[in-house]
1. Return the whole-Å distance between the Cα centroid of the range 222-277 and the Cα centroid of the range 462-487.
2. Return one number: the angle in degrees, 0 to 90 and rounded to the nearest 10, between the long axis of the Cα atoms of helix 18-33 and the longest principal axis of the Cα atoms of the chain.
3. Give me the mean projected area, in nm² to one decimal, of the convex hull enclosing the Cα positions of the range 398-510.
4. If I stretch the segment between residue 400 and residue 384 completely, what's the gain in nm (0.36 nm per residue apart, minus their alpha carbon distance), one decimal?
5. Helix 282-294 versus the longest principal axis of the chain: what is the Cα-based angle in degrees, 0 to 90, to the nearest 10?
6. Return the tail of the calculated pair distribution for the chain, meaning the percent of Cα-Cα pairs more than 29 Å apart.
7. Run lengths n ≥ 4 of DSSP H only: what is the helix-derived mean residue ellipticity at 222 nm for the chain, with -39500 (n - 2.57) per run over all residues, to the nearest 500?
8. Could you compute the FRET efficiency for residue 256 and residue 124, with r as their C-beta to C-beta distance and R0 at 35 Å, rounded to 0.05?
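Derivation of every value follows stated rules applied to the coordinates shown; laboratory data play no part. The structure displayed is predicted, hence computed values, not measured ones. All Cβ positions, glycine included, derive from the backbone under ideal geometry; neighbour counts span all protein chains shown.
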């Protein structure tokens, strides 16, 4: 290795922060004390500088060890970025591509490779890895790397990830790594001004139509059936206008067709928007990202392609126009907006997939050691969509709520009323009777005569449907025919109640009878 190309005089403006140097010290202690074939996992939030940390680790390792280093990534873009970062730390490296051979590799002591390319080169005996002492795996939660472990049985493996939770529940990370070192928390990085703070806006979404696929996440088809509907597209546009109009916005979708429909919806409304998915050529991708970077009020709608290896600090808003059961994807998507700038200390997150309810606010205190050791325990405690939605509180749309302006409160707690009825030995039907009476009361409270009240009752359709669905869950009876009948029956009884009781309730409210 006397002729090997490896280290040059370091030429970089990247200074290590205290927490980054602390992580490096911890990892080097493991190099000194653990076996040569130890598997160590290091966790640090997106934006914390994982690539900076392992680039410095490579530099120091090559300086003090007479062994080579291999860095693996799962995407070609990350491969290039990693190579450039290593070079900025004075580490001359060789990118292993599809034409890699044995001719010049003795000249290098650091290699960067994409997992699939490396797998092919190794299986074809086109790469000599007999002297690799350290293997670094970026985005280690992806399981595509594990098939390569057999080639490095004598190497120290360092996996780095923001979320030490495997992308495949059947292949937990604890089976491939001996230990986890958890880095700084998101909250600490925010408090010390290394990351921007997320301002969360959550919408109560009905997701029970979504189906879960073999990979454990929602299927593209069921997601597109839901999110390409007019109501969902309108809600997306409405949420953007309310919280982020005129701001640089990145929208994540589950499905190309959804993203295209979002593009047309926003374009029709006159907003500057582009669409990007994995079918775009390198040239198209470069042009779109350049436009997004240079346009202050740009909107980019995408399909998960920008969850890793994409840094654009000027992003003001992240919109999750999808639901996911992947904690990793949740953190990756939001992390795209967490980069700080001189004039940016916070960013917005609009959640249209109940993701915040499912996983907790971005940056909440997660026990990564517990998640690493007992992933099934963590996953089993996540609430189902039905459980999440059972806790939603229906809020009247503003234009309807104005029509009931004389009422201080229009909400009715079906679940609590049901529990009270059961505790007191009453009938479950009491819940519907009380609900009808409450609906009638707010209609009469805001009317001059019974005809006004009947007109207002017609505005309560969504509220009625919501109450019936909650009631059906309470009594564990929710067939489609039963729900349809119950909703129709409720409307008939409400109208009948108004006709029969308008005068009595009106006088009770106002202290005098209505005028004839």
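1. With the range 222-277 and the range 462-487 each reduced to a Cα centre, they are spaced 31 Å.
2. 60
3. One quarter of the hull surface, i.e. the mean projection, equals 7.3 nm².
4. 2.7 nm
5. Once rounded, one gets 60 degrees.
6. I get 61 percent for the Cα pairs in the chain exceeding 29 Å.
7. Rounded to the nearest 500, it is -13000 deg cm²/dmol.
8. 0.55
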